[in-house]
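Peer 1: The structure is given below, and queries will be raised subsequently.
The values are calculated or read from the model by the stated rules, or taken from the named source; none is laboratory data. Remember, it's a predicted structure, so these values are computed and weren't measured experimentally. Glycine gets a Cβ as well: all are built from the backbone with ideal geometry, and neighbour counts include every protein chain shown.
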Amino acid sequence: MRVIIFSWEYPPRTVGELADYVKELAVQLAKNKVETYVVTYHDYMTGEFEENGVKTYRVTNPVKTHISVLTWVLTLNQEVERVAANICYKVGGRLDLIDVQDWHFIPAAVTLKRAFNIPFVYSIESLEDHRSHGANSPFNMAIKSIEWLGMYEASKVLVKSEWMASEVIRIYKVPEAKIKIVKPGSDRWLKTILEAYKSLKGELMECPVS
């Protein structure tokens, strides 16, 4: 199996708990013979790295001045798409899936799904309704629209608790059958993720290369 993980934070760039979680996931996947790529952001440490069996690609944003996280995210997505497409060509057109950690790189995942026939899972760290409780400004709604797009386009939605599963259903009306609960630290954590990945086997198609 060959998997790309998208995450807006990854060590040494650590903003919250997500960075260490994604690193542990990537390392454990590699140990279980999953060819694992991570595409992430760093403001200056860019390029390709090999770390603990994981191939890591760090990109920076070509646009340096932003008025909000939205403009930062949307311009950075172009670099994420470019690197992921290059990986697809590099491996001869055979990528099994993309795992998008949180909402930031959902636009890139959707573009790659459409262009290269690569399914993706949306792994939810948090929701805008919880980060900005009661906020319904255009800014918040724009982020929520990206979250909704991820829920709609993803083949599976991975959450870390029963409570988050219920919130995803309540806020975004995601079908229960599409949701998989993976509990970090549990004995079945990695096995549950691998089961979710393998359940997409029927959706796999070779991405077109020439």
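Peer 1: Testing residue 168 on (1) buried (at least 19 other Cβ atoms within 10 Å of the Cβ); (2) of a type outside the set (S, T, N, Q); (3) touching a residue at least 60 places away in the same chain (Cβ under 8 Å); (4) within 30 Å of residue 68 (Cα to Cα), one condition comes back false. Which one is that?
Peer 2: (3)
Peer 1: OK, next. Only one of (1) in a helix (DSSP H, G or I); (2) closer than 20 Å to residue 121 by Cβ; (3) in contact with a His (Cβ under 9 Å, 6 or more places away or on another chain); (4) not aliphatic (A, V, I, L, M) fails for residue 72. Which number is that?
Peer 2: Checking residue 72 against (1) in a helix (DSSP H, G or I); (2) closer than 20 Å to residue 121 by Cβ; (3) in contact with a His (Cβ under 9 Å, 6 or more places away or on another chain); (4) not aliphatic (A, V, I, L, M), the one that fails is (2).
Peer 1: Residues that are among the charged types (D, E, K, R), out of contact with any Leu (no Cβ under 9 Å at 6 or more places or on another chain) and under 25 Å from residue 89 (Cα atoms), at least 1 per element: which helices (runs of 4 or more DSSP H) completely within the stretch 110-177 meet that?
Peer 2: In the stretch 110-177, 138-153 are the helices (runs of 4 or more DSSP H) which contain 1 or more residues that are among the charged types (D, E, K, R), out of contact with any Leu (no Cβ under 9 Å at 6 or more places or on another chain) and under 25 Å from residue 89 (Cα atoms).
Peer 1: Oh, and also: Search the stretch 112-132 for residues that are among the polar types (S, T, N, Q) and pair each with any residue that is part of a loop (DSSP other than H, G, I, E, B) and surrounded by fewer than 23 Cβ atoms within 10 Å (Cβ to Cβ) when their beta-carbon atoms are under 6 Å apart and the residues are at least 6 apart or on different chains.
Peer 2: The qualifying pairs are 117/205; 117/207.
Peer 1: Considering only residues that are exposed (fewer than 14 other Cβ atoms within 10 Å of the Cβ) and modelled with pLDDT of 95 or more, which ones fall in the stretch 83-113?
Peer 2: 86
Peer 1: Quick check on this structure: which one of 153, 128, 176 is crowded, with 19+ Cβ neighbours inside 10 Å and in contact with a helix residue (DSSP H, G or I) (Cβ under 7 Å, 6 or more places away or on another chain)?
Peer 2: 128
Peer 1: Next up: Mind listing just one residue for me: the one in the stretch 21-35 that is of a type outside the set (D, E, K, R) and assigned to a helix (DSSP H, G or I) and, of those, surrounded by the fewest Cβ atoms within 10 Å (Cβ to Cβ)?
Peer 2: Out of the qualifying residues, it is 27.
Peer 1: List the number of the failed condition for residue 195; all other conditions in (1) in a loop (DSSP other than H, G, I, E, B); (2) without any contact (Cβ under 8 Å) to a residue 24 or more places away in the chain hold.
Peer 2: Every condition holds for residue 195 apart from (1).
Peer 1: Give the number of residues within the stretch 1-20 that are surrounded by 17 or more Cβ atoms within 10 Å (Cβ to Cβ) and part of a strand (DSSP E or B).
Peer 2: 6
Peer 1: If I filter the stretch 161-202 down to residues being acidic (Asp, Glu) and farther than 18 Å from residue 18 by Cβ, which single residue comes out as modelled with the lowest pLDDT?
Peer 2: Going through the qualifying residues, I end up with 187.
Peer 1: Report yes if residue 30 is of a type outside the set (Val, Ile, Thr) and under 20 Å from residue 102 (Cα atoms), otherwise no.
Peer 2: So residue 30 fails the test.
Peer 1: Sticking with this one: Is at least one residue of the stretch 95-102 in a loop (DSSP other than H, G, I, E, B), under 23 Å from residue 38 (Cβ atoms), over 16 Å from the mean Cα position of the chain (by Cα) and in contact (Cβ under 8 Å) with a residue 60 or more places away in the chain?
Peer 2: Looking for residues that are in a loop (DSSP other than H, G, I, E, B), under 23 Å from residue 38 (Cβ atoms), over 16 Å from the mean Cα position of the chain (by Cα) and in contact (Cβ under 8 Å) with a residue 60 or more places away in the chain, one finds none in the stretch 95-102, hence no.
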